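Participant: Take this structure first; my questions come after.
We did not get these values from a lab; they are worked out from the coordinates using the rules stated. Here the structure is a predicted model, which is why all the values come from computation and not from measurement. Every residue, glycine among them, receives a Cβ derived from its backbone with ideal geometry; neighbour counts consider all protein chains shown.
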């Protein structure tokens, strides 16, 4: 078990290192921050001074080496724009993002999982078909389209809710719905198929054959088995808590991490972008790790010698 | 026969309009051991899944299944839940997949004790230990805490049997209980079932495609073909004087234990598909004795000896001694 955890943690760290490296290379090759920050009309001497000040005139491998050693010391660099530590800039945006993504996650799980279970238990009924139609619509409509439609209806036409900004709890409703519905649709579909798979298993028939009432068969025998694939998807959604709101934050002018990233990318504010990517990959990797460990809790067959995830 | 424990009349099952059972009449007396034999797909399992209401909702079931006079087919779920496991228990072919993989085996047996005998906690655990002991699971104290995947197929089937016994049923339906097991384990499980039947006095329905197994375990044998019972007889009589051509074909396909070696005979052709049933006897297309009379209608049972009847238009009725 300890070896399994150590292996997974090692892999997680390697994944983060790869993301950081990839981001570094792509960002350095995709544009000159000096031109973006200073404007292309700036005098060449000023541009050179800027590059020198931030170490952008050094060979890229040296920059990378310095950057990487700094990260290992917990130093994530400063924003080109105002010189503040990048981590601080990002950290102050995190609460705003979580204000959207946590309720959205609750909506996804709270709506998607029960809907999927219900649809599976009433397979081919009118409600099953309605749930599935809703689910497919939910995840085929992009969240920004849904967001714009919601704004049009509830903010512009009806005037019930604000169209953007972060003024009161009412500002949260539309962005949360635009983000949550698609995920709820995905979860409903996954939960439904996981339940259908489990309900067809011989041990469900065994439980009925020994006189377990149907409600108890569902709760005690089917759900614990169907939870295993569903947890994978929920884990993935937990992983996107920090980065999942980029588009919706832009639509609703919400001052979260996503908006910060859009601005930082277009400005080539390298330290900020890299800091965000580092945090995002860290959340993603951590939630994957937790899912892997949860598999072992949920499924006794995955404990012990053959760890979850196909023994990577 | 004494008043039957279970009485099945004209039981019919169809899946999406295609018939799987085409009128089953079968009585099981208290304490009796009956064998149901036939090729896969002939409806042996479906008969008992239908009787206990365990078929998916897409199955159309009609007819009558009575347990000591109580009709089960239209019974409320609460009634069925008390019958299942409590009065009629069922064990299945593949014990590894018939047990819930995420629950400890002891817990799964204790669940039946809670449902049918109101046992909880330490009382239930003591009874699980006793049941494990009764079905021959060694080291029961440790085994009740492990999961199905940590046991062999034979041990899992013993757990299934312990679970079935937990409700103290009057009838145990064993659906191909040894088909998925090694030959040596098969014999052990059959011995166990026979011993338990004698100890508890419960009735046993043994579903098998293996005539030898059934003959050894059961007094009475029903041979099924394409959703019907085609011959019913005491097992000795069935082996000595099979009357239905299908039964004769089945026996001819078995090797003799004594006598000169002979070529085993296969029955030509295959079971007719449900959407392509012959108008009369379903076996006629494969039967060496078939005549146009066979297609005239479904043959009824003809008494051919004491407790022996066959559904074939060519068998001669015998006067059954009273």
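Participant: Roughly how crowded by other chains is peptide A:196-208, in terms of the mean Cβ count from those chains within 10 Å of each of its Cβ atoms?
Facilitator: Numbers: counts 0, 0, 1, 1, 1, 4, 9, 11, 3, 9, 14, 10, 10.
Partner Cβ neighbours, averaged per residue: 6.
Participant: Can I ask one more? So how tilted is helix B:121-134 from the main axis of chain B? Cα-based, degrees 0 to 90, rounded to 10.
Facilitator: Tilt relative to chain B: about 50 degrees.
Participant: Cα gyration tensor of segment B:188-279, axes a ≥ b ≥ c as square roots of the eigenvalues: rounded (a/c below 1.5), prolate (a/b > b/c) or oblate?
Facilitator: Numbers: a/c = 2.19, a/b = 1.34, b/c = 1.63.
It is oblate, given that a/c is not under 1.5 and a/b is not larger than b/c.
Participant: To continue, here is another question. In nm, to one decimal, how far is the residue B:277 label point from the residue A:157 one, both placed 7 Å along Cα→Cβ?
Facilitator: Using points 7 Å along Cα→Cβ, the separation is 5.7 nm.
Participant: In whole angstrom, how far apart do the alpha carbon centroids of segment B:164-181 and segment B:52-104 sit?
Facilitator: Comparing the Cα centres of segment B:164-181 and segment B:52-104, I get a distance of 12 Å.
Participant: Cβ neighbours within 10 Å, averaged per peptide: list A:153-159, A:269-275, A:219-225, A:119-125 in order, most packed at the top.
Facilitator: Top to bottom by mean Cβ count within 10 Å: A:269-275, A:219-225, A:119-125, A:153-159.
Participant: OK, next. What is the helix-to-structure angle for A:94-121, meaning the angle in degrees between its Cα long axis and the longest Cα principal axis of chain A, kept from 0 to 90 and rounded to the nearest 10?
Facilitator: 20
Participant: Quick check on chain A: take the gyration tensor over C-alpha atoms, sort the square-rooted eigenvalues as a ≥ b ≥ c, and tell me if it's rounded (a/c under 1.5), prolate or oblate.
Facilitator: On the way: a/c = 3.37, a/b = 1.58, b/c = 2.14.
Judged from the Cα gyration tensor, chain A comes out oblate (a/c at least 1.5, b/c at or above a/b).
Participant: What angle do you read, to the nearest 10 degrees and between 0 and 90, between the alpha-carbon axis of helix B:183-200 and the longest principal axis of chain B?
Facilitator: 80
Participant: Report, in whole Å, the centroid distance computed from the Cα atoms of segment B:197-222 and segment A:200-237.
Facilitator: Segment B:197-222 and segment A:200-237 have Cα centres separated by 33 Å.
Participant: Same structure again: Checking the a/c ratio against 1.5 first, then a/b against b/c, what shape does the Cα gyration tensor give for segment B:225-310?
Facilitator: Values: a/c = 2.27, a/b = 1.34, b/c = 1.70.
The shape class here is oblate.
Participant: Same structure again: Over chain B, what is the relative contact order in percent, taking alpha-carbon pairs closer than 8 angstrom and at least six residues apart? It would help to have the intermediate numbers written out before the result.
Facilitator: Details: 608 pairs, mean separation 61.6, N = 322.
It rounds to 19 percent for chain B.
Participant: Helix-only mean residue ellipticity at 222 nm, chain A, DSSP H runs n ≥ 4 weighted -39,500 (n - 2.57), per residue, nearest 500. What is it?
Facilitator: Numbers: 14 runs with 214 residues, N = 312.
Counting only the DSSP helices, I get -22500 deg cm²/dmol.
Participant: So what's the gap between the Cα centers of segment A:13-58 and segment A:127-188, to the nearest angstrom?
Facilitator: Measuring centre to centre over Cα atoms gives 38 Å.
Participant: Given 20 °C and 1.002 mPa s, compute D for the protein assembly as shown with the Stokes-Einstein relation, Rh being the Kirkwood radius over Cα pairs; round to the nearest whole µm²/s. Can you show the working numbers first?
Facilitator: Values: Rh = 29.9 Å.
Answer, rounded: 72 µm²/s.
Participant: Let me ask something else. Pop the C-beta distance of residue B:239 and residue B:25 into the FRET formula with R0 = 22 Å and round what comes out to the nearest 0.05. Provide the component values of the computation, followed by the final result.
Facilitator: Details: r = 23 Å, r/R0 = 1.03.
Result of the calculation: an efficiency of 0.45.
Participant: Average partner chain C-beta neighbours within 10 Å, per residue of B:76-87?
Facilitator: Working: counts 0, 4, 1, 0, 4, 8, 2, 1, 6, 7, 2, 1.
Rounded to a whole number, the mean comes out at 3.
Participant: Per residue of A:295-301, what is the mean number of Cβ atoms on other protein chains within 10 angstrom of that residue's Cβ?
Facilitator: Details: counts 0, 0, 0, 1, 4, 9, 6.
Taking the mean over all residues of the peptide, I get 3.
Participant: 222 nm [θ] for chain B, helices only, -39500 (n - 2.57) per DSSP H run of 4+, per residue, to 500?
Facilitator: Working: 11 runs with 103 residues, N = 322.
Rounded to the nearest 500, it is -9000 deg cm²/dmol.
Participant: Also: Bin width 10 Å, origin at 0, all Cα-Cα pairs of segment B:80-138: what percent of pairs per bin?
Facilitator: 21, 51, 28, 0
Participant: Ranked from highest to lowest mean number of other Cβ atoms within 10 Å per residue, what is the order of the peptides A:176-183, B:309-316?
Facilitator: On the way: A:176-183: 24.2, B:309-316: 19.9.
Ranked by mean Cβ neighbours within 10 Å, highest first: A:176-183, B:309-316.
Participant: Here is a further query. Run through the DSSP bridge list for the protein assembly as shown and note the antiparallel percent, rounded to the nearest 5.
Facilitator: Numbers: 30 of 49 bridges.
Beta bridges within the protein assembly as shown, antiparallel portion: roughly 60 percent.
Participant: Here's a follow-up. By average Cβ neighbour count within 10 Å, what is the ranking of B:293-301, B:22-30 from highest down? Working shown, then result.
Facilitator: Details: B:293-301: 15.1, B:22-30: 18.7.
Packing order, densest peptide first, comes out as B:22-30, B:293-301.
Participant: In segment A:198-228, whose amide N lies under 17 Å from the spot 7 Å out along Cα-to-Cβ of residue A:303? List them in ranges.
Facilitator: In segment A:198-228, the label zone of residue A:303 (backbone N under 17 Å from the point 7 Å along Cα→Cβ) covers A:224-225, A:228.
Participant: Remind me, relative contact order of chain A in percent, using alpha carbon pairs under 8 angstrom and six or more residues apart?
Facilitator: Averaging sequence separation for qualifying contacts and normalising by length gives 26 percent for chain A.
Participant: For chain B, what is the percent of antiparallel DSSP beta bridges, rounded to the nearest 5? If you can, show how the numbers build up before the last one.
Facilitator: Working: 29 of 48 bridges.
If I count the DSSP bridges inside chain B, around 60 percent turn out antiparallel.
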